[in-house]
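These notes are about the structure you will find just below.
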Amino acid sequence: MNPTEQQQKCMAAAVKYAVLKIEAGAGTGKTSTLKLVSGEVKMPSLYVAFNKVTATEASEKFPSHVTCKTTHSIAYAKFGRMLQDKLKRPQGGYKNVAFTGTEIARFYKVGCIIDDMGIIVTTENAVGLFVRLTVERFEQSADDKISDKHLPKLDMDKTLKADPKAGEYVLRLAKKLWEDRINPSTDVMATHDTYLKMFQMSKPNLGFKVIYLDEAQDSTPCVLDIVLTQAQHGAKIILVGDRRQAIYGWRGAINAMERIEGHSEYLTKSFRFGQGIADVATAVLMGKMTLTGREDMPSTVGGSGTVDRTKPYMYLFRTNSGLLYTAVAAIAKGEDIRLEIDVKDFIRLLQSAYALSIKDMKNVKHEDILPYPKWEEYKEEAEKMKGEMKRLVNIIDGGDYWKFIRTLENYQNPPSARIVFTTAHKAKGREHEQVV
């Protein structure tokens, strides 16, 4: 296939500039463009993939001078292997602990936080969760030390108001947790982000002349620092992504397409859909990127009646709870549905929320519920946040808890089905003939 005019510009810019940003809209041939670019810069190169599946697929498409890996797989060789026995729980024996908020509280003998009246405002388990979140935020950052900036201050708002020194207490415990995570001889569990952080802090020279960073709009500061460190060693940096498709800010990702300075090129012709969808996408983007579709692929956009529901289709949801709220009703009707969601995790979430509502604190175990000492406080927060939290309240206070639990626990999720229920996050980059 002959390169498009936009692809030709990307190829020329890759040769000319030290830092190139390729802004790629949905379905605009991002991977094929990078393959063309790699043919122009025939030097030892590294394609940094977002996940293992993408890395494997890319390795089958790129020429031999391009190595395709995730940053985790690179970091594992240097730091991950020394922590390999701490990355999962062995069968038999209570080992590799201090991972959940509850475990951290127990392992480090964490105390609760009380206000001036002697009333508990934050339980030991919730403090343990704050400690874990602090370390997680540090692991995702490009910083060298754990500090006040890594505290989950939104989650700790009520705690800090009750005791301004609570932050110092959490930081002290977080530093201890980090030290124990990176120590191979302790029984404290480590994560894959732990050894990645250790790798980033070592300021490694990967030895490649060109670095391709895919999905750059969703890179953590930790990953981005590893990539940009290679520029200091003389490597050419090529960032690929779409600043308008950043969806992982909630887990510490930053939008490298906005943060990093460099020459920009654009891919706006989509090979995934026709002009009908392209026009709607352009309108949603408010003209910030004008997409064009395939002339030979008619696309229809309309109301729910546009979809032929006798044929396979994908149903997109914004939140997990929204998906399951609709799914339970559809399952009751006998619909042929595949749920692309961690159903077991949602059941645990629902069980913890129910336990909180009946003041059964020993069974409040899910980390999204742990920060709340009372059901009334959770409901108050849900009124402000709406969405996921509000639906949980509606399920429990509406008397539907047992219906949801029984339906989801008994449902045999088929590997394939006529209807696929999934979230926008999980559906990113995928294709389907019909989408609701």
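The values are calculated or read from the model by the stated rules, or taken from the named source; none is laboratory data. From a predicted model like this one, the values you see are computed outputs, not experimental measurements. Because the Cβ atoms are built from the backbone with ideal geometry, glycine has one as well, and the counts that use them run over all protein chains shown.
Could you identify the single residue in Lys175, Lys158, Lys197 that is touching a Cys at 6+ places or on another chain (Cβ under 9 Å), part of a helix (DSSP H, G or I) and among the basic types (Lys, Arg)?
Exactly one of Lys175, Lys158, Lys197 is touching a Cys at 6+ places or on another chain (Cβ under 9 Å), part of a helix (DSSP H, G or I) and among the basic types (Lys, Arg), namely Lys197.
Counting only residues that are touching a residue at least 24 places away in the same chain (Cβ under 8 Å), more than 13 Å from Leu206 (Cα to Cα) and β-branched (Val, Ile, Thr), region 27-65 holds 6 of them.
Every listed requirement among (1) without any contact (Cβ under 8 Å) to a residue 40 or more places away in the chain; (2) outside the structural domain of Cys10 (by the TED database) is met by Leu349 save one, (1). Of all residues in region 139-159, at least one satisfies being among the polar types (S, T, N, Q) and touching a His at 6+ places or on another chain (Cβ under 8 Å).
Taking region 268-281 as the range and being part of a helix (DSSP H, G or I) and out of contact with any Lys or Arg (no Cβ under 9 Å at 6 or more places or on another chain) as the test, the residues that pass are Gly276, Ile277, Asp279, Val280, Ala281. Just checking, does region 204-220 include any residue being part of a helix (DSSP H, G or I), free of Cβ contacts under 8 Å to residues at least 12 places away in the same chain and at negative phi? No: zero hits.
Just checking, does region 355-368 include any residue being assigned to a helix (DSSP H, G or I), charged (D, E, K, R) and assigned by the TED database to the domain that holds Leu324? Yes, some residue in region 355-368 is assigned to a helix (DSSP H, G or I), charged (D, E, K, R) and assigned by the TED database to the domain that holds Leu324. Whether any residue in region 95-108 is of a type in the set (Val, Ile, Thr) and in a loop (DSSP other than H, G, I, E, B) is what I want to check. The answer is yes; a qualifying residue exists. Looking across region 398-435, the residues that are part of a loop (DSSP other than H, G, I, E, B) and either under 23 Å from the mean Cα position of the chain (by Cα) or in the same structural domain as Gly29 (by the TED database) (or both) come down to Lys428, Gly429, Arg430, Glu431, His432. Taken over region 1-47, the criterion of being in a strand (DSSP E or B) and surrounded by fewer than 18 Cβ atoms within 10 Å (Cβ to Cβ) is satisfied by Val19 alone.
Consider region 198-213 and keep the residues that are buried (at least 24 other Cβ atoms within 10 Å of the Cβ) and of a type outside the set (A, V, I, L, M, F, W, C). The one that is farthest from His65 (Cα to Cα) is Gln200. State all residues of region 38-57 that are more than 21 Å from Ala256 (Cα to Cα) and within 26 Å of the chain's Cα centre (by Cα); if no residue qualifies, say none. Correct list: Val53, Thr56, Glu57.
Selection of region 318-346 for residues being in a loop (DSSP other than H, G, I, E, B) and free of Cβ contacts under 8 Å to residues at least 40 places away in the same chain yields Lys333, Gly334, Asp342.
Could you say which residue among Lys145, Lys158, Lys109 is surrounded by fewer than 20 Cβ atoms within 10 Å (Cβ to Cβ) and modelled with pLDDT under 90? Write out each step before concluding.
Working: Lys145 fails: modelled with pLDDT under 90; Lys109 fails: modelled with pLDDT under 90.
Residue meeting the stated conditions: Lys158.
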